[in-house]
Structures are given as structure tokens and as C-alpha cells.
Amino acid sequence: MTPTTAAVTLFTIVTLGYLALCAVSPFGNCRKCRGFGFYMKTDRRGRPRPGRTCRRCHGDRKRIRVGRHLYNAAARTHRDGTR
């Protein structure tokens with residue numbers, strides 16, 4: 001197997017795996033707050049405390065995956081174009 005064929009095969013497997021993940025689980029944890037819904041801060045003793053609500057997910061803890069967002073945009077464009 002040549003290196004080019006191996007790279008194309010690996011890329012195809014990774015892409016199909018990500019598409020399957022987006023189909024099964026369209027929402028993932030927020031990358032900013034890591035799924036807590038708020039920022040972690042520490043008090044004077046160094047113990048973790050909940051901070052303010054996450055600006056990126058607005059406390060919902062979940063965000064739509066990039067692949068699912070692209071699929072939704074393509075489906076919306078196709079639906080609007082065929083009406």
C-alpha cells in the first residue's frame with residue numbers, strides 16, 4: 001500500500017466516523033466551559049467554585065457540532081431551493 005493510498009484511506013475512515021458521530025449525537029459539550037454551563041473559578045483557599053454563566057452556550061452545556069451545523073445548512077439550502 002502506497003503512502004498516498006494509506007492517507008486517503010485514513011482520511012476516509014476519519015471522515016465517515018465523524019459523520020456517524022454527528023448523526024448519532026448532534027450535540028457535544030461546550031468547548032469553553034467543558035459542559036459545566038458556567039466558568040470555574042477558585043476562592044481564596046483554592047477550592048473550585050462556579051463562576052458566571054458561560055457566554056458561548058448560555059448555560060445550556062451543549063453546542064451543536066460543526067458537522068451537524070454544516071449538514072443543517074446544506075439541507076436548508078436544498079429545501080429552500082426545491083420549493
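Structural remarks
- Top-ranked residue in the range 9-43 [being of a type in the set (D, E, K, R) and assigned to a loop (DSSP other than H, G, I, E, B); ranked as nearest to Gly67 (Cα to Cα)]: Arg31
- Among the residues making up the range 44-55, those that are open to solvent by 100 Å² or more (accessible area, probe 1.4 Å) and assigned to a loop (DSSP other than H, G, I, E, B) are Arg44, Arg45, Arg47, Arg55.
The values are calculated or read from the model by the stated rules, or taken from the named source; none is laboratory data. Note that the structure is a prediction, hence the values are computed from the model and not measured. Ligands, DNA and RNA are excluded from the accessible area calculation, which covers all protein heavy atoms including side chains. Shrake-Rupley method; radii C 1.70, N 1.55, O 1.52, S 1.80 Å.
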